[in-house]
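Just below is one structure, and these are the notes that go with it.
The values are calculated or read from the model by the stated rules, or taken from the named source; none is laboratory data. These figures come from a predicted structure and were not determined experimentally. Quick reminder, even Gly has a Cβ in these numbers, built from the backbone with ideal geometry, and neighbours come from all protein chains shown. With ligands, DNA and RNA removed, areas are computed over all heavy atoms of the protein, side chains included. Shrake-Rupley method; radii C 1.70, N 1.55, O 1.52, S 1.80 Å.
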Amino acid sequence: MSIKSLLVVGFCAAAVSAHAQKPYHGDGADDWLRFVPVASAITLKACGVESASSWKRFAVNSGASLAFTATTTWAMKLAIRERRPDHTDRRSFPSGHTSIAFAGATILDKEFRQVSPWISVAGYAVATGVAIDRVARNRHHWQDVAAGAAIGVGGTILGYWLGDKITGEHSRYSVGVGAQGVTAIVYL
């Protein structure tokens, strides 16, 4: 499977996950905010900000991460069938909006934390805002968004592990702790 195909599969899985939540009762900022972290990662990479990955690794790992996240989220929604707090349907657990937001935030963190820790903070702040909004608007229970966050982070960790196996590439950065303290190593 080509890199472009894997990236398309990952983003399509995220889009299907987003569409599968219709009919949607109420418009909220969380509908588009959930995509801000991954869109930010793509934008930073496209603008030439140095990331931890080549374009090949970025595409494969991001696509795999989003595919794992969306697939796991929807498999659990279909299996568990928990009723939403607003009683609109039985797809409450886990939160798909939150899982996609946290997957994007984790991609953003893995790629750009060496540029500035504030990039990571911003990504996780947006993802947390999505989770809070889902609970505040009575679309999810707190455990739904907690599970969604865990799935998003875990799916991204798994996606990066598998993507590195597929591409044979690894991060350009490594952090180690030794007698001299914390050190960063840059691989060119």
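Scanning the stretch 108-122 for residues that are within 15 Å of the chain's Cα centre (by Cα), without any contact (Cβ under 8 Å) to a residue 40 or more places away in the chain and open to solvent by less than 60 Å² (accessible area, probe 1.4 Å) turns up Asp109, Ser120.
Is one or more of the residues making up the stretch 142-164 without any contact (Cβ under 8 Å) to a residue 60 or more places away in the chain and touching a Gly at 6+ places or on another chain (Cβ under 9 Å)? No, the stretch 142-164 has no match at all. With respect to the conditions (1) without any contact (Cβ under 8 Å) to a residue 60 or more places away in the chain; (2) crowded, with 18+ Cβ neighbours inside 10 Å, His97 falls short on a single one, namely (1).
Only residues that are surrounded by 20 or more Cβ atoms within 10 Å (Cβ to Cβ) and modelled with pLDDT under 80 were counted in the stretch 20-45, giving 0. Inspect the stretch 71-94 for any residue being under 21 Å from Asp164 (Cα atoms) and open to solvent by 40 Å² or more (accessible area, probe 1.4 Å) and give the result as yes or no. Scanning the stretch 71-94, I find at least one residue that is under 21 Å from Asp164 (Cα atoms) and open to solvent by 40 Å² or more (accessible area, probe 1.4 Å), so the answer is yes.
Considered as a group, the residues in the stretch 154-167 that are out of contact with any Ser or Thr (no Cβ under 7 Å at 6 or more places or on another chain) and closer than 11 Å to Val60 by Cα include one that is surrounded by the fewest Cβ atoms within 10 Å (Cβ to Cβ), and that residue is Lys165. Quick one: would you say Gly129 is in contact with a helix residue (DSSP H, G or I) (Cβ under 6 Å, 6 or more places away or on another chain) and either of a type outside the set (Ser, Thr, Tyr) or in contact (Cβ under 8 Å) with a residue 40 or more places away in the chain (or both)? No. Checking every residue in the stretch 143-153 against the condition of being modelled with pLDDT of 90 or more, of a type in the set (S, T, N, Q), open to solvent by less than 30 Å² (accessible area, probe 1.4 Å) and within 19 Å of the chain's Cα centre (by Cα) gives zero matches.
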